[in-house]
Amino acid sequence: MDPPFKARTYTTPIPENTSAVARHNRTSPKGLTKRPRNRYDPTTDNAPELTNKRLILMLILHDNTASGNAYKVRLLLHQLGLDFRTIQYDVTTGETRTPAYLAEISDIGRIPVLELEDGRCLPESNAILYYLARDTGFFPDDKWAQAEVMKWLFFEQYSHEPFVAVAKYILTMLPEDTPRRAELPRLHEKGYEALQILESRLASADFLVGESYTIADIALFAYTHKAEMGGFSLKDYGGIRAWINRMEATAGFTPMFPES
Ligand SMILES: N[C@@H](CCC(=O)N[C@@H](CS)C(=O)NCC(=O)O)C(=O)O
């Protein structure tokens, strides 16, 4: 069992007195203010005045360190070698439901959201995986294989995450006496159905699609490898456990809880 997560905010030294940069200087989501979508266009805007520090425009992940959906994106960003910063939100207290968040970051009201350098914000973990992976080795060229990746992404969102992730959420993020514990038997029944489908594939294959590692593996790995936090046992799922070991050996792998 992992230790309880500690929210962290990464801050990068940045110049002051520039509106574009001020938006990057948020260390708390409570500080969000309304802002134009396209924050800085180098072809038309005057460059912000620089101090002795450099202007840093980089990808921002609106994040929560305990979220498997957010971890999918962090893992792929690491494996692609892309620089990014994160802004942390408490997902148990409505920080992603404020009017400012809904207007400025995502009308869906959840993390993860990938904010591009030009200020556009993309929600939905699997859409973000697709956006980042499309022209890379993490997404196949073959049309059939592409559709198979999509199959697993939709499976993850409809048949796996609503059970495996929600059980983890109830057991690790809510108080011990939450009435939501009554949901656990059904979540476990449906979650094990999803794990069995994964096991059927992984008992005889190294990865979910074809012979190689794709974003389908990343999407399913996130909550499957932490299923025990939701009260599931992977003891009888040898194919899944071997796949988890293969995933952890991929180049540029980063764990969900780096401090553990
Ligand atoms: N389908 C979404 C689900 C995202 C999601 O459920 N995010 C949770 C954290 S894992 C959240 O932001 N919860 C806060 C809330 O719903 O207010 C995805 O895959 O990105």
Worksheet, complete the sentence: Of all GluC sites (Glu not before Pro) in region 66-123, the ones in DSSP coil with at most 15 other Cβ atoms within 10 Å are Glu117
Worksheet entry | Under 30 Å, Cα to Cα: Lys pairs in region 143-248, sequence gap 8 or more or different chains | 11
Discussion item. Please rank Trp243, Trp144, fewest neighbouring Cβ atoms within 10 Å first, as an exposure proxy.
Written reply: Trp144, Trp243
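Every number in this text was worked out from the coordinates using simple rules, so none of it is lab data. Just so you know, these numbers come straight off a predicted model, no measurement behind them. Neighbour counts run over all protein chains shown; Cβ positions are idealised from the backbone, glycine included.
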